[in-house]
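Q: There's a structure below that I have some questions on.
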Amino acid sequence: MRIYLIGFMGCGKTHWGREMSRKLQVPFFDLDSVIEEKEGKAITAIFAEMGEEYFRMLEKDVLYMLTESHENFVMATGGGTPCFFNNIDYMKSRGTTIWINSSVDTLHNRLVKEKAQRPLVASISDADLRSFIIRKYSDRKIFYQQANVILNEDDLTLGKLIETTFHA
């Protein structure tokens, strides 16, 4: 069983992924953390030094490596992971994709506090952040909507996440 959690940055993929992996007793991977470990530097540094294109290729390579080397896991992907290189199709062909769909207000409230750790929003002013979220979310929604399971994060529980996953 391979479960891929997808959604916009700040939607809770890592939080719910850890909870879900504990409950299901399978390994948990945070794709960004594995990339940071492999490269020996933070995602923000990879973006700054090598650019987004390099990062997206690396992200794809690590996604494939983890998938092909593990039969069972829960993975929190990066917010953009499903949007590049047909990654959404790859993940769906190898497991179950779950879109954790958060409201713009929830995302904004979280991201305004986490900007320094998020390379795509680090340089955006607090005043412009909401507009950025709406724009980027609109671009990515077409990929997120292809998930096997779509859940609204604002009323999500671990029980609901697990039940919906196995009844998709």
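The values are calculated or read from the model by the stated rules, or taken from the named source; none is laboratory data. What you see is a predicted model; the values in this text were computed from it and never measured. Please note: Cβ atoms are built from the backbone with ideal geometry, for glycine as well, and neighbour counts cover all protein chains shown.
Per-residue answers, yes or no, for (1) surrounded by 13 or more Cβ atoms within 10 Å (Cβ to Cβ); (2) touching a Phe, Trp or Tyr at 6+ places or on another chain (Cβ under 8 Å); (3) of a type in the set (Phe, Trp, Tyr):
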position: ILE3; (1), (2), (3): yes, yes, no
position: GLY51; (1), (2), (3): no, no, no
position: GLU59; (1), (2), (3): yes, yes, no
position: GLY78; (1), (2), (3): yes, no, no
position: PHE85; (1), (2), (3): yes, no, yes
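Q: When both residues are 6+ apart or on different chains and their Cβ atoms are under 7 Å apart, which pairs have a first residue that lies in region 54-77 and is in contact (Cβ under 8 Å) with a residue 60 or more places away in the chain and among the β-branched types (Val, Ile, Thr), and a second that is surrounded by fewer than 20 Cβ atoms within 10 Å (Cβ to Cβ) and assigned to a loop (DSSP other than H, G, I, E, B)?
A: Correct list of pairs: VAL74/VAL26.
Q: Further question: Of all the residues that make up region 30-45, how many are buried (at least 16 other Cβ atoms within 10 Å of the Cβ) and under 19 Å from LYS13 (Cβ atoms)?
A: Count: 7.
Q: Counting only residues that are at pLDDT below 95 and among the polar types (S, T, N, Q), which one in region 118-146 is farthest from ASP89 (Cα to Cα)?
A: Per the criteria, the residue is SER125.
Q: Does MET9 satisfy being of a type in the set (A, V, I, L, M) and more than 14 Å from the chain's Cα centre (by Cα)?
A: no
Q: Next up: Among (1) hydrophobic (A, V, I, L, M, F, W, C); (2) in a helix (DSSP H, G or I); (3) more than 24 Å from MET20 (Cα to Cα), there is one condition ILE162 misses while meeting the rest; what is its number?
A: (3)
Q: Moving on. Pairs under 6 Å by beta carbon, first residue in contact (Cβ under 8 Å) with a residue 24 or more places away in the chain and more than 17 Å from ILE100 (Cβ to Cβ) in region 127-147, partner crowded, with 16+ Cβ neighbours inside 10 Å and of a type outside the set (D, E, K, R), six or more apart or different chains?
A: ARG130/HIS108
Q: Now a separate question. Between LEU120, LEU129, LEU161, which is surrounded by 11 or more Cβ atoms within 10 Å (Cβ to Cβ), out of contact with any Pro (no Cβ under 8 Å at 6 or more places or on another chain) and either more than 12 Å from MET9 (Cβ to Cβ) or among the hydroxyl-bearing types (Ser, Thr, Tyr) (or both)?
A: LEU161
Q: Here are some residues: GLY78, GLY95, GLY40, GLY51. Which one is of a type outside the set (Ser, Thr, Tyr), within 12 Å of the chain's Cα centre (by Cα) and more than 17 Å from LEU158 (Cβ to Cβ)? First the steps, then the outcome.
A: Details: GLY95 fails: within 12 Å of the chain's Cα centre (by Cα); GLY40 fails: within 12 Å of the chain's Cα centre (by Cα); GLY51 fails: within 12 Å of the chain's Cα centre (by Cα).
After ruling out the rest, the residue left standing is GLY78.
Q: Any idea which residue in region 137-158 is surrounded by the fewest Cβ atoms within 10 Å (Cβ to Cβ), counting only those that are assigned to a helix (DSSP H, G or I) and touching a Gly at 6+ places or on another chain (Cβ under 8 Å)?
A: Of everything passing the filter in region 137-158, ARG140 is surrounded by the fewest Cβ atoms within 10 Å (Cβ to Cβ).
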